[in-house]
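The structure under discussion appears below in the form of structure tokens.
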Amino acid sequence: MAAGYSSDEAVSYDAHGWHRDQRGLCLRKRQADILERQGKSEAGRISLGDDLVAIKPVGAPAKHRAGEDLDEKLRVESTLAEQGDRFAQHFQRRGHHHVSEQLDEIGVAGIGADDEGLLPEMADEWPAALDVDRHTMNRARFKSIRGLSFKDDFGLTVHNADRPLRSPGDFPAMPYHRLDPKPYLRPTFLGSRTTVYQASIGCPYQCNFCGVVGFSGSREKIEPPERTAAVLAQLKSDYGINAVQFYDNNFFLREDHTRELAERMAPLKMQWWCEGRVDTVLSYSDETLRKLRQSGCVMIFFGVESGSDEILRGMKKQLKSEQILALAKRIREFDIVPEYSFIFGNPDDAERDTRETIRFIRKVKQINPEIEIVVQTYVPTPQRDGTYGKVDGKIQYPATLEEWATDRWYNFTIRTDPQLPWLPRRIKRRIDDFETVMRSRWPTIQDMRLPGWGRVMLQSLSSWRYALGVYDYPIELEWAQKMIKLRQPRFESL
Ligand code: SF4
């Protein structure tokens, strides 16, 4: 076959036997501009036979074109990694430029099929961002794509059946070599070159306040430990990483898996952090917990949410307050610091909930003073089967992305000033005041900037308040925290 890629040479790729038909990588308007700038006379079409994927340039904003939307780009590139390398070889040999530069320059924002008849199969085969648009595809076909929601000809929203969840291990390895790693390896309390990594996706539980349920449908998929350890070893040897924050939704899903991963990570000598469930970790044997610590696990974040069994039941958390206390005590033996996150402001009775949660936190701190406390205000994430606190219909959510990006909704999502109808200002203020006292009395070990004198000053100023339970209006602590520039976990993260 031939393609009008260049004026003097047909582009073909017969070496790989890819030319059984005319499906292809389409070079359209934006690529055409690039090729023209590079002195090529004409853009056209490169046919890649049985490769079902077409890369489509879209009207991406300048920001995207500049490659700032790396997340999107990585998603596309990793999905295309295998083909991408072949493209690269091809471009290098024939056109003297590299496919990754092409992707950068055209601001690829999606993968679509060039042949509409192939799209449903391709959509299953290539679970990446699908840029389906009305120009390339018949709307009737939208119905056959699992995981897609769209507006039909009458403007009504249609939700198709869910797409099966895939394990991170099912995808090609991330093409880390295509990024400058410097901005992504940060000093943290874990290590001087900390990376993030996600080794599993989803969670089998159904807590009715949690956004993970919505996308994972209470399913989870785990990457084989062998691969996780191999990728981290590679990152260590290539970029010198010495610590990891795992961003798995629920890191501890199976004890045998956890043990194997710990054994494989131990030789890497990295410190690491992750998120888990209290009941799961509590059920692990001493041997597994020891191995976890030996492998470098120094802190685990637990969403404990509340000390009230009634509220935990209402949240469908499948957890009991006695388990929360038991783990606080037991995990000390293994030198792992638990980070307990509490949700304040139960919509049924926000005042009572705040009072009781504060009391429970004090109890937890007595059992294990090293526990780090995270104070959260309940902000609902809409659920298909009813949202915790029976708050459905009480909030008018934005209808556009632009509105979500306003200060009002930014503050809602990061829970600083969510403006909830069931949470009176004075209760929100009490929650904030309690957090200020807690963060002064027990400054987090994660704050590397905090000097020793600052820690002592905050603890001295706040100890009488904590001892007497006087939390209201801690103006002196607010002033001290500003002066010392205490770490703001809601704004500062990897
Ligand atoms: S809160 Fe935690 S345990 Fe519950 S569904 Fe979400 S990720 Fe899973």
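The values are calculated or read from the model by the stated rules, or taken from the named source; none is laboratory data. Values in this document were obtained by computation on a predicted structure and should not be read as measured data. With ideal geometry, Cβ positions are generated from the backbone for all residues, glycine too; neighbour counts draw on all protein chains shown.
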Open item on the list: Take the residues in region 179-204 that are more than 18 Å from MET448 (Cβ to Cβ) and crowded, with 20+ Cβ neighbours inside 10 Å; name whichever of them is farthest from the chain's Cα centre (by Cα).
Closed with: CYS203
Task: ARG163 away from the ligand (no atom under 16 Å from the Cβ), without any contact (Cβ under 8 Å) to a residue 60 or more places away in the chain and of a type in the set (D, E, K, R) - done: yes
- [ ] Keeping to region 171-182, report how many residues are free of Cβ contacts under 8 Å to residues at least 40 places away in the same chain and either within 16 Å of the ligand (Cβ to nearest atom) or not in a loop (DSSP other than H, G, I, E, B) (or both).
- [x] 1
- [ ] For region 183-251, please list each of the strands (runs of 3 or more DSSP E) lying entirely inside it that holds at least 1 residues being in contact with a helix residue (DSSP H, G or I) (Cβ under 9 Å, 6 or more places away or on another chain) and more than 16 Å from the ligand (Cβ to nearest atom).
- [x] 194-197, 243-246
TODO: Identify, by number, the condition in (1) in a helix (DSSP H, G or I); (2) among the small types (Gly, Ala, Ser); (3) assigned by TED's automatic domain parsing to the domain that holds THR377 that ALA399 doesn't meet.
DONE: (1)
TODO: Could you grab me the full set of residues in region 266-278 that are charged (D, E, K, R) and buried (at least 17 other Cβ atoms within 10 Å of the Cβ)?
DONE: GLU275, ARG277
TODO: Can you run down the residue pairs with Cβ atoms below 6 Å, 6 or more apart or on separate chains, where the first is in region 296-322 and in a loop (DSSP other than H, G, I, E, B) and the partner is within 13 Å of the ligand (Cβ to nearest atom) and aromatic (Phe, Trp, Tyr)?
DONE: MET315/PHE209; MET315/TYR388
Task: Complete set of residues in region 454-489 that are surrounded by 13 or more Cβ atoms within 10 Å (Cβ to Cβ), basic (Lys, Arg) and within 27 Å of ARG425 (Cβ to Cβ) - done: ARG465, ARG487
Task: Residue tally, condition under 18 Å from ASN208 (Cα atoms) and without any contact (Cβ under 8 Å) to a residue 60 or more places away in the chain, over region 332-347 - done: 3
TODO: Kindly check whether there is at least one residue in region 347-362 that is more than 22 Å from ARG439 (Cβ to Cβ) and crowded, with 17+ Cβ neighbours inside 10 Å.
DONE: yes
